[in-house]
1. At a probe radius of 1.4 Å, what is the per-residue accessible area of Ile147, in Å² to the nearest 10?
2. Go ahead and set up a Gaussian network model of the chain, Cα springs under 10 Å, then flag whichever of Tyr128, Tyr28, Tyr96 fluctuates most.
3. Protein chains only, probe 1.4 Å: how do Arg167, Arg4, Arg104 rank by accessible area, largest first?
4. Which order do you get for His74, His145 if you rank them by accessible area with a 1.4 Å probe, largest at the top?
5. Rolling a 1.4 Å sphere over the protein heavy atoms, what is the accessible area per residue of the chain, to the nearest Å²?
6. Between Ala107 and Arg4, what FRET efficiency follows from the Cβ-Cβ distance if R0 is 22 Å, with the result rounded to 0.05?
7. If I model a spin label as a point 7 Å beyond the Cα along the Cα-Cβ vector, how far apart are those points for Leu156 and Lys130 in nm?
8. For the chain, what does the helix formula give at 222 nm: sum of -39500 (n - 2.57) over DSSP H segments with n ≥ 4, over the residue count, nearest 500 deg cm²/dmol?
Amino acid sequence: MIQRIQSLFLLLAALGMALLLKFPIASYMAEPGIQNYTMAASLELIPKSNPNMLRQIEAGSGLVTMDPSNAALHTWPALTLAGICFVLALTCIFLYKNRILQMRLVAFALLVNVAYVGLLFLWLIDKYGKAAEGFAATLQCGPMHTIYEAGTWIPLATLALFFFAQRAIRKDELKVRAADRLR
């Protein structure tokens with residue numbers, strides 16, 4: 001099962017989708033402004049709370065990290081799509097005896113991954129960026145910069161991995177059909 005190249009592609013895709021829980025999607029940094037505060041925010045699939053945000057402001061520290069709960073942003077749709085891609089990639093590895101079903105599920109995983117990437121770029125990064133901009137404005141910070149982290153690029157790599165797995169499964173199926181035709 002792992003000796004086939006498509007199984008390796010699917011395993012790497014599943015690993016990539018699992019790594020999305022570890023790496024941030026995007027980071028936002030605002031330069032010092034009138035009150036000399038620098039604002040930092042990080043968008044992650046599972047937001048980590050920052051209870052020290054108010055203490056950072058009261059202490060007058062130069063860097064204030066935005067609490068994700070202030071953004072009122074729900075990342076569960078993206079987390080659900082990433083989870084579906086992960087489960088489909090793992091399931092497809094073990095369907096090596098039924099290549100037609102494996103091809104269909106990989107195609108479905110490819111579509112779900114495209115939906116995830118679309119949701120990520122068209123909604124999640126933009127909405128969180130606007131919330132971070134609003135928070136930076138309350139701190140009277142300077143201009144804000146968006147830094148795309150590994151969580152942005154991993155889904156694009158898994159898109160390619162799903163595509164290559166689909167091609168490899170199709171090649172195997174064509175070889176089997178050609179061998180059956182010769183018998």
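The values are calculated or read from the model by the stated rules, or taken from the named source; none is laboratory data. Please read all numbers here as calculations on a predicted model, not as lab measurements. Please note: Cβ atoms are built from the backbone with ideal geometry, for glycine as well, and neighbour counts cover all protein chains shown. Note: accessible area is taken over every heavy atom of the protein model, side chains too, but ligands, DNA and RNA are not part of it. Shrake-Rupley method; radii C 1.70, N 1.55, O 1.52, S 1.80 Å.
1. About 80 Å², rounded to the nearest 10.
2. Among Tyr128, Tyr28, Tyr96, the largest mean-square fluctuation in the Gaussian network model of the chain belongs to Tyr96.
3. On the way: Arg167 105, Arg4 40, Arg104 165 Å².
Solvent-accessible surface, decreasing: Arg104, Arg167, Arg4.
4. Numbers: His74 120, His145 85 Å².
Accessible-area ranking of His74, His145, largest first: His74, His145.
5. Numbers: 10020 Å² over 183 residues.
Ligands and nucleic acids excluded, the figure is 55 Å² per residue.
6. On the way: r = 17 Å, r/R0 = 0.79.
Computed FRET efficiency for Ala107 and Arg4: 0.80.
7. My value for the distance between the label points is 2.4 nm.
8. Values: 6 runs with 108 residues, N = 183.
Helices in the chain give a 222 nm mean residue ellipticity of -20000 deg cm²/dmol.
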